[in-house]
Structure formats: C-alpha cells, structure tokens
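See below for the structure under consideration.
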Amino acid sequence: MDLDLVFLGTSASMPTAQRAPAAILIRRGGERLLFDCAEGTQRQLQRSTVGLPDLEEIFLTHFHADHYLGLPGMLKTFALRGRDEVALTVYGPPGLKDLFSKLRPFLGRLPYPLTTVELAPGETLERGEYAIETFAVAHGVAAVGYALVEHERPGRFDVAAADALGVPAGPERGRLQGGEPVSLADGRVVTPDSVLGPARPGRKVVLSGDTAPSPAVIRAAHRADVLVHEATFGAEETERARETQHATAVDAAEVAKLAQARLLALTHLSTRYFGPDLEREAREVFAETVVPRDFDVIEVPFPERGPPQLVKGGARPVSSGGDGGDGAGGTGG
C-alpha cells in the first residue's frame, strides 16, 4: 500500500512566487486526504501531477485565513463541474459549523452532499487499516493537529512452516495471513501464530498545523515515520515565535528529537527565510530534517523497506520547469 505526502503549499501567511500557503495532500492507496486548504489550493492541485480529484474528505487544523481561504472556491468548482452524488466531509476543530454558517451565503446551494464534523483533541476516526487521530496544539485558538496511524500488520508468512504443517497452497494460506485459523482435510486446525512471524508496525504520519512547541505534539509524534511541523521563524526570532504561538526551526527539531521521529519536514515558512537556512538550523539539533518546497513529495514506505524519502519536484509536471528556489523578503507570520 503506497503512502506519501504531496506538499501543495509550504509558505506561512503570505504566498510567494515559489510557495503557496498551507495545504498538504496525503495519498494512501486510492485515498486522497487534504489537510488545510489555503488560498490557491485548487490551482496548486491542477498545476501538479495529481490534478483536482473529487476529494471526499478535507481536514482543517484551525480557522486562520491562511489555512482555509481556498475552501469556498474549491467547493464551488466541484459544483460547477457537475459533482452531484459524491459526498464531501469537512473536519475541523470546534467552531467549524459556525465558520460554514458564515460561508454559506458565498457558497450558495451546492448540488452534492456536504457535511461538517467538529473534532476535539483526542478524538479518533477509525478507517479499518488505519485511524486518524486528533491532538491538541498550542496556537492560542481552537486548533488541532492530525496523525494518520496505521494499525499493526500480520507478521511475515513462513512458507516452510506452512509446508511442514501440510497447509495446501491456495486460499487457506491467504486466510492464515489474514489472521484466520484454517481447518485441514485431516481435521487439524492451524492457527495464524503457527505460520506468521511477529506483527509488523504500520506507518505513522503526523501534521502539527500551526503551533508553538508543545508536549502534546511530542506525544502525538512519538516514533512517527514523518513529522510535518511548522517552522515559521528562524532562531533569531524566538521571542516573536513565542508571542505569536508559532515555532522556530530549532523548536521543531527539538520536538522531533524528543518524539524519536524518523524524518522531520519543516513547513509554514515565513517569507523572510530561505529553506536551506532553516534546514541548517534544524539539522544542528535533528539531522533527519528536510524543508520541502511546493510540489515536493515525501514517500513513506513500510519501515522494513527503508526510511521516508523526500522526492524533490515529485508532483511537479515536467513542463512547468524548475522550482526557482525560495522566496525571501517580507514579514510572514
């Protein structure tokens, strides 16, 4: 099952020529989950190799304008191109329903079912093979972070053990690998633990949204394969970060180190910074740090298949050319 993150917007409150504001798409198999939907997100999707799918779930971390302003336009686009039966659910912290009551006059009547669901920190959405968990963050407003946490997988199938027990090749072995006991022709019952190795961990991806460094984020990100953490400021602006309840690159690195994450991805960069500068600061604390640009992808293989990898320009169409580097100069926040 493939799992990756497509970075559609990596700037803080102001877009630049190279970075759009906050939006990340998680792709798991055929599922497409959008986290935050800043100004221009639908165009970022259309410019990418992903295109604009009929998203069925959108998750908002909080209601500052740079995290949801792209949502009304996207909802109208879905309507204008004839969407009518595919339902859409928007999740967010308490206050989501009030936000939509204010947006309703701008949205008008939508021809497809739209549901809003408010999630408090600590709630879990079960999805069969995985869950989406919410956690508290420190941003001074109603806000949540999200963790996609896969459940444990069955251990590796021991073909030699199955042969020795006389389990025939075919559906019986498939049922054992799926965790079900099987009865053989001679009446013996073979249980999964007889032919399976130890359970294997699933993957864990954590998105902080906007937050100051927080113990709650550290707990949520414990042993995460990927922690996406905001890094609005550099070390010289630590006081400003505290005042606005944001994080510096060093703050994010310390969170990742304490959480024992495998990879830290810094996002939500103020327009005053270049990505490599913040990356250098963070790597002095946590070496496994990357700073994705718009249209970069982080691939998250199963742990036994290797570490997460940043694929630069992984969702950028070939015809769009180079990424042009980072923008700087401005005050973002």
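The values are calculated or read from the model by the stated rules, or taken from the named source; none is laboratory data. In this text the structure is predicted, and so the values were computed from the model without any measurement. A quick note on method: Cβ atoms are made from the backbone with ideal geometry, for glycine too, and the neighbour counts reach across all protein chains shown. Side chains included, ligands, DNA and RNA excluded: accessible areas come from the protein's heavy atoms. Shrake-Rupley method; radii C 1.70, N 1.55, O 1.52, S 1.80 Å.
Scanning segment 164-206 for residues that are buried (at least 17 other Cβ atoms within 10 Å of the Cβ) and either of a type in the set (A, V, I, L, M, F, W, C) or within 28 Å of the chain's Cα centre (by Cα) (or both) turns up Val167, Leu176, Val182, Val190, Val195, Leu196, Gly202, Arg203, Lys204, Val205, Val206. Is it the case that some residue within segment 187-210 is of a type in the set (D, E, K, R), within 21 Å of Pro94 (Cβ to Cβ) and in contact with a His (Cβ under 9 Å, 6 or more places away or on another chain)? For segment 187-210, residues of a type in the set (D, E, K, R), within 21 Å of Pro94 (Cβ to Cβ) and in contact with a His (Cβ under 9 Å, 6 or more places away or on another chain): present.
Apart from one condition, Arg262 fits all of (1) of a type outside the set (Val, Ile, Thr); (2) within 18 Å of the chain's Cα centre (by Cα); (3) open to solvent by 10 Å² or more (accessible area, probe 1.4 Å); (4) at positive phi; the exception is (4).
Taken as a whole, the structure places Thr61 among residues that are of a type in the set (Val, Ile, Thr), touching a Phe, Trp or Tyr at 6+ places or on another chain (Cβ under 8 Å) and either closer than 19 Å to Ile132 by Cα or open to solvent by 30 Å² or more (accessible area, probe 1.4 Å) (or both). If you go through segment 151-208 and keep only what is in contact with a strand residue (DSSP E or B) (Cβ under 6 Å, 6 or more places away or on another chain) and small (Gly, Ala, Ser), you end up with Gly155, Ser183, Gly202, Ser208. The listed residues are Thr16, Thr10, Thr61, and the only one of them that is within 22 Å of Tyr273 (Cβ to Cβ) and modelled with pLDDT under 95 turns out to be Thr16. Among residues of segment 142-160 that are within 13 Å of Gly178 (Cβ to Cβ) and without any contact (Cβ under 8 Å) to a residue 12 or more places away in the chain, none has a beta-carbon under 9 Å from a residue that is of a type in the set (Val, Ile, Thr) and surrounded by 15 or more Cβ atoms within 10 Å (Cβ to Cβ) at least six positions away or on a different chain.
If you go through segment 141-160 and keep only what is modelled with pLDDT of 95 or more and open to solvent by less than 60 Å² (accessible area, probe 1.4 Å), you end up with Ala142, Ala143, Val144, Gly145, Tyr146, Ala147, Leu148, Val149, Glu150.
Among the residues of segment 281-333, those identified as closer than 24 Å to Ala247 by Cβ, modelled with pLDDT of 95 or more, of a type in the set (D, E, K, R) and in contact with a strand residue (DSSP E or B) (Cβ under 9 Å, 6 or more places away or on another chain) are Glu281, Arg283, Glu288, Arg293, Asp294, Asp296, Lys312.
Taking helices (runs of 4 or more DSSP H) that fall entirely within segment 238-291, which contain at least 2 residues that are in contact with a Pro (Cβ under 7 Å, 6 or more places away or on another chain) and among the acidic types (Asp, Glu)?
249-259
Residues in segment 207-237 that are open to solvent by less than 10 Å² (accessible area, probe 1.4 Å), assigned to a loop (DSSP other than H, G, I, E, B) and not charged (D, E, K, R): 7 in all.
Screening the candidates Phe106, Phe100 for the property of being over 21 Å from the mean Cα position of the chain (by Cα), at pLDDT below 95 and not acidic (Asp, Glu) yields one hit, Phe106. The requirement of being under 29 Å from Pro121 (Cβ atoms), touching a residue at least 12 places away in the same chain (Cβ under 8 Å) and of a type in the set (D, E, K, R) is satisfied by Asp66. At least 2 residues being within 19 Å of Ile26 (Cα to Cα), open to solvent by less than 40 Å² (accessible area, probe 1.4 Å) and in contact (Cβ under 8 Å) with a residue 24 or more places away in the chain is the threshold, and among the strands (runs of 3 or more DSSP E) wholly inside segment 83-137 those reaching it are 88-92, 130-136. Within segment 30-56, the set of residues being touching a residue at least 24 places away in the same chain (Cβ under 8 Å) and either open to solvent by less than 30 Å² (accessible area, probe 1.4 Å) or aromatic (Phe, Trp, Tyr) (or both) comprises Leu33, Leu34, Phe35, Asp36, Cys37, Ala38, Thr41, Gln44, Leu45, Ser48, Leu52, Leu55.
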